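Read the structure below first, then the notes.
The values are calculated or read from the model by the stated rules, or taken from the named source; none is laboratory data. Given the structure is predicted, the values throughout are model-derived calculations rather than measurements. Cβ atoms come from the backbone with ideal geometry, glycine included; neighbour counts cover every protein chain shown. Heads up: the accessible areas ignore ligands, DNA and RNA and are worked out on the full protein's heavy atoms, side chains in. Shrake-Rupley method; radii C 1.70, N 1.55, O 1.52, S 1.80 Å.
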Amino acid sequence: MSVVYEPEIGLRSRTQYGGFSADGREYVITRPDTPRPWINVLCNANPGYGAVISQTGSGYSWLKNAELNRVTQWEQDLIQDNRGKYLYLRDVDSGCVWSAGFQPVRAEPEAYECRHGVGYSVITSLNFGIRTRLTIFVTPDEPLEVWMLAIENSTALRRRLSVFSYLEWCLGTAHDTHREFHRTFLETEARPEAGLLLARKRLWAIPNSKGQGWNRSWDGVAFHSCSGPVEGYECDKEAFLGMYRSLQDPRAVAEGCLGNSSGKWGDAIGSLHTDIELAVGETCVLVFTVGVAGDEAEAARLTDRYRSVQHAQGALERTKAWWDERLSGFHVNTPDSGLNALLNTWLRYQAMAGRIWGRTAYYQTGGAYGFRDQLQDSHIFLPTEPGLTRKQILLHASHQFTAGNVFHWWQPITEQGAHSRFSDDLLWLPFVVLSYLDETDDHSILQDEAEYADGPPESLRNHCFRALDLSLSRFSDRGLPLIGEGDWNDGLSAEGWDNKGESVFVGFFLRMLLGRWANIAEISGDTSRADHYRQRSDDLRDALNECAWDGEWFVRATCDDGTVIGSRTCSEGRIFLNAQTWSILSDTCPSERRHALMEVVRRELYTECGPALLRPAYTRPDERVGYLTRYAPASRENGGVYLHAATWAIWAETLMGRPDKAWEIYAHISPVQRGQHPQSYFAEPYVTAGNIDGPDSPNAGRGGWSWYTGSAAWLFRVMTERVLGVRPEESGLRIEPCLPDHWDGFQMKRRFRGATYHITVQRGATPCVLLDGQALETTLLPPPTDSKEHDVSVVC
């Protein structure tokens, strides 16, 4: 673009595309042409409505499930980013046309800004002397999104303007590629006197109550409304665009009027036209909504509220307050402002909105729950609202089978899912339960009952025992766990297809769990189970160190035919990161080997892009290993930097007492720091990417798969609990910082079991811990006996 956009003064971590607001709560994009779409995920927990919006104004909407219940059409094209819900403006006198966002008209604005905030986005632009401010948000408790468009006349002339909205209805599965088929089931209705359009669909591709396919109507009524007087409407795409025209130059907008067509025979869209006239300096505000109601009467009630600008403004403030409450109770102030923005706001918001409640984004348009995925993501609630972690645990337990196995993923709405032979999925249930117990000491959760997917309810304790027992029954003759159709790394999809291949990672994972679950079994009176778990843990430790040790590092797995993966004998995929880091995390690697092992990891896997998941990358597909080998070399799981796993490397380095190495990894994967080079990083600088291309890629350092990644919750956990060193244990709150040398200290506000702790950590010659002025002889704060605020001073 020829226009030069100047970053706003006062932005932090600024680049030519923008930066963080002073408080870190907004990312301010100061030009629309970012290297890739930089998005925001707006959604609520219940009723589960959501919308994704990019800095250009493109995106899509859904209810409960973005894959099965998409409200508006969208096409995944990160290069063009030209599908979405739009507002056009037309100068009545000159005929000039532009859009409130950069898309779809792509007129070159005189000024442009997109502010992505927590629960809202604001796009401000100046075109032809008219300043528009489009605020988009999803309320916390309604199945709708709100667009507030403020239009200001900044010229010295009176201006007459027309505003046209546009969206395409989907109303069903996102994979609606056969549009000529699906459009014949859509029907639209206009109520111009109420500023309201309605849409229904007489076909939903999910089965009905009898299990019949293609014989069910879409649930609900979709609506689109405008608060201004409606001059016209259009519900047919051809009538709006004109044949062989595009969204950049639709005929109806160019001509300044809509055709007022609706019914069952068009290609269903929604467009409303309203006219305004602005005196010099005058501002007008219009309110549009898009949403889903149970019936027409509910749609009318919902939209009628938003004919009031005051009501819409109040809803925006209520939305901000709701998100403020979700993020309250935790705050840090470290010497690194970028880390502060991530820990205080963006990692937590990303995990909640993008992963747990929305479960969709731009790189992946999902909707399903992953058994392992959202369980791990629910760690994000523990410091502030652990009850939400408890709720997630019980939800996932209800998607386990009586044999102990679990759905790999399942779809809300249909409850259909993928029966799993993955060897790690089921183990994340006992893992997250232990995390919940550490945070809360609430052992009553173990007595909570959850149904099985194929059986009556049973205690959560027994759900976890069944998961562990099934895992312990699936071992090779050498005493190592079978990998099945994959473990944490889905791409190892062929190694154990015939139930002979082994997973070293799952061996370490089980070792981490068995000791503590032996204690839980013992407390519950099941001493034989406790003894069994402890013996199996010891046997597994011996087998891993004997069979999986390759001389300098641990191998990753074996294939059904016995081929070893991650060995020094391999020409490709010689060494894998997780097999090394988890040997440290699980306390399985003997102490005398650890230093040398991690030196090898640093030499072989650590790169300027972050720690690679494996090296060298596979350059040829290997059917024995799986689809991992089919990725382009040094991308994603095939030798790229997979941020989820990279966070575990940070954790391992803190256990090794290497704070500067831990910080070095963080610096290499931090979206804030990588985002300082946007022309090579590409991804959003305010949320984590799922992966970064490794150094052997021609796109080394490029981020991708942002928002929809488990790395957000894990980076938050590892940085707060292991680098800052404030972590819950069943017996109290441990404070053992592992700070980089260039830090003098930090402050943290954190809830813990009903109390609030104000923690100050600073370096000093004489280590000590003071709780409310009283010296402790340990780094473990005792469990609180009240719900008051407490001051903690730590010298380390």
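Whole-Hz ³J(HN,Hα) for each residue in the stretch 692-698, computed from phi via Karplus 6.51 cos²θ - 1.76 cosθ + 1.60 with θ = phi - 60°, x for glycine and proline: what do you get?
10, 4, x, x, 8, 8, x
In Å and whole numbers, how far do the C-alpha atoms of the stretch 217-364 stretch along each principal axis, longest first?
Computed over the stretch 217-364, the largest-to-smallest principal extents equal 58, 47, 36 Å.
Between residue 566 and residues 5 or more places away or on another chain, which pairs have amide H atoms under 5 Å apart, with H built 1.01 Å from N, and which residues are they?
It is 556, by chain and number.
Quick one: compute a quarter of the convex hull surface over the Cα atoms of the stretch 696-763 and quote it in nm².
7.3 nm²
Volume per residue, Å³, of the convex hull around the alpha-carbon atoms of the chain?
Per residue, the Cα convex hull of the chain comes to 171 Å³.
Relative to the present Cα-Cα distance, how much length would full extension add between residue 419 and residue 215 at 0.36 nm per residue of separation?
Answer, rounded to one decimal: 70.9 nm.
Residue 108 to residue 603: FRET efficiency via 1/(1 + (r/R0)^6), r the Cβ-Cβ distance, R0 45 Å, to the nearest 0.05?
0.35
Please report the carbon-and-sulfur percent of the accessible area for the chain; probe 1.4 Å, protein heavy atoms only, DNA, RNA and ligands left out.
That fraction is 47 percent.
Note down the magnitude of the dipole of the stretch 136-195 about its Cα centre, charges +1 on Lys and Arg C-beta and -1 on Asp and Glu C-beta and zero elsewhere, to the nearest 20 debye.
Dipole of the stretch 136-195, to the nearest 20 debye: 500 debye.
Name the long-range amide H neighbours of residue 729: under 5 Å, sequence gap of 5 or more, or other chain; modelled H, no Pro or chain starts.
It is 734, by chain and number.
What shape does the stretch 390-501 take by its C-alpha gyration tensor, where a ≥ b ≥ c are the square roots of the eigenvalues and a/c under 1.5 counts as rounded, a/b above b/c as prolate, and the rest as oblate?
prolate
What FRET efficiency comes out for the pair residue 205/residue 758, r = Cβ-Cβ distance, R0 = 60 Å, nearest 0.05?
0.65
With label points built 7 Å along Cα→Cβ from the Cα atoms of residue 94 and residue 500, find their separation and express it in nm.
Rounded to a tenth, the inter-label distance reads 7.5 nm.
Which whole-number percent gives the relative contact order of the stretch 692-795, counting Cα pairs below 8 Å spaced six or more residues apart?
Once normalised by length, the contact order is 21 percent.
Subtract the Cα-Cα distance of residue 477 and residue 16 from 0.36 nm times their separation in residues, and report this length gain in nm to one decimal.
Extending this stretch completely gives an extra 160.1 nm.
Collect residues whose amide H, placed 1.01 Å from N in the peptide plane, falls under 5 Å from the amide H of residue 618; neighbours closer than 5 in sequence don't count.
573, 634
When only C-alpha pairs under 8 Å and at least 6 residues apart count, what is the relative contact order of the chain, in percent?
It comes to 9 percent, rounded to a whole number.
Each residue of the stretch 565-573 in turn: what ³J(HN,Hα) in whole Hz from Karplus with 6.51, -1.76, 1.60 and θ = phi - 60°, glycine and Pro shown as x?
Values per residue, Gly and Pro as x: 10, x, 10, 5, 7, 7, 7, 10, x Hz.
Given points 7 Å out from each Cα along the Cα-Cβ axis, report the residue 33 to residue 444 separation in nanometres with one decimal.
6.0 nm
Would you calculate the separation in nanometres between label points at residue 593 and residue 77, each defined as 7 Å from the Cα along the Cα-to-beta-carbon direction?
5.3 nm
With a probe of 1.4 Å, find how much accessible area the chain has per residue, and write the answer as a whole number in Å².
Accessible area per residue, the chain: 35 Å².
So which of 201/320; 64/749; 320/749; 391/661 end up more than 25 Å apart by C-alpha?
From 201/320; 64/749; 320/749; 391/661, over 25 Å: 201/320; 64/749; 391/661.
Using θ = phi - 60° and the Karplus form 6.51 cos²θ - 1.76 cosθ + 1.60, what ³J(HN,Hα) does each residue of the stretch 599-610 get, whole Hz, x for Gly and Pro?
Along the stretch 599-610, the couplings run 5, 5, 4, 5, 6, 8, 10, 6, 9, 5, 8, x Hz.
Quick one: Kirkwood hydrodynamic radius for the stretch 309-426, alpha-carbon pairs, angstrom, one decimal?
16.3 Å
So if R0 is 56 Å, what FRET efficiency would residue 677 and residue 257 give, r being the distance between their Cβ atoms, rounded to the nearest 0.05?
0.70
Where the centre of each part is set by its Cα atoms, how far does the stretch 328-398 sit from the stretch 517-560, in angstrom?
Cα centres, the stretch 328-398 to the stretch 517-560: 30 Å.
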